Amino acid sequence: MVTIIECVSAAGAAIGPLVIHEGAEKDGEWIRANPCGSGLAASPNGWTNSEVAYEWLVEIFDPQTAVYAKGSKRLLILDGHISHCSLKFILYAARKNIVVLLLPPHTTHRLQPLDVGVFGPLSHAWKKVVKDLSAKGYLIRKNNLI
């Protein structure tokens, strides 16, 4: 299982993704096979959790968006699912002038255009690519995913 956290501004600028793989810790081989410099994380089930979300906020979102904000407030819109946010996350955001807007859990497919117009079709296309490659005997592993 692999999860990818993506973030795009209202102006259309994207920051680097965070790729989360299933495992107890970051895999050294996987880190070395990361040519595009994506953020990498691990969780027991390959999904985001409060610790991974905090890591993304501190290591990816904050530094990559602060340069554009120039001291102004930044708005971060998130699915309000408990796994995406914690008190530590909210307190860090407040200290860094990041306003967090939590949408009702499991409503992003209706309320966030990226989920409908970008990530849904991308997920569908990726599944087709994986199926086609698998049919040709190609194995997709953590070290050749990115």
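The values are calculated or read from the model by the stated rules, or taken from the named source; none is laboratory data. Predicted model, so just to flag it, every value in this text is computed and none were measured. As a convention, Cβ positions derive from the backbone with ideal geometry for all residues, glycine included, and neighbour counts pool all protein chains shown.
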- request: Quick one: in region 26-44, of everything that is modelled with pLDDT of 65 or more and over 20 Å from Gly80 (Cβ atoms), which residue is surrounded by the most Cβ atoms within 10 Å (Cβ to Cβ)?
  value: Ala41
message: Which numbered condition in (1) assigned to a helix (DSSP H, G or I); (2) modelled with pLDDT of 90 or more is the only one that Val100 fails?
response: (1)
query: If you take the residues of region 60-76 that are more than 18 Å from the chain's Cα centre (by Cα) and not in a loop (DSSP other than H, G, I, E, B), which of them is surrounded by the fewest Cβ atoms within 10 Å (Cβ to Cβ)?
result: Val67
task: Provide a single number: the residues in region 83-97 that are outside any helix (DSSP H, G or I) and either small (Gly, Ala, Ser) or more than 18 Å from the chain's Cα centre (by Cα) (or both).
output: 3
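Being surrounded by fewer than 16 Cβ atoms within 10 Å (Cβ to Cβ), assigned to a helix (DSSP H, G or I), modelled with pLDDT of 90 or more and acidic (Asp, Glu) is the requirement here; does Glu51 meet it?
Details: surrounded by fewer than 16 Cβ atoms within 10 Å (Cβ to Cβ): yes; assigned to a helix (DSSP H, G or I): yes; modelled with pLDDT of 90 or more: yes; acidic (Asp, Glu): yes.
Against the criterion (surrounded by fewer than 16 Cβ atoms within 10 Å (Cβ to Cβ), assigned to a helix (DSSP H, G or I), modelled with pLDDT of 90 or more and acidic (Asp, Glu)), Glu51 qualifies.
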- prompt: Identify, please: which residue in region 106-139 is surrounded by 13 or more Cβ atoms within 10 Å (Cβ to Cβ) and outside any helix (DSSP H, G or I) and is, among those, modelled with the lowest pLDDT?
  reply: Gln112
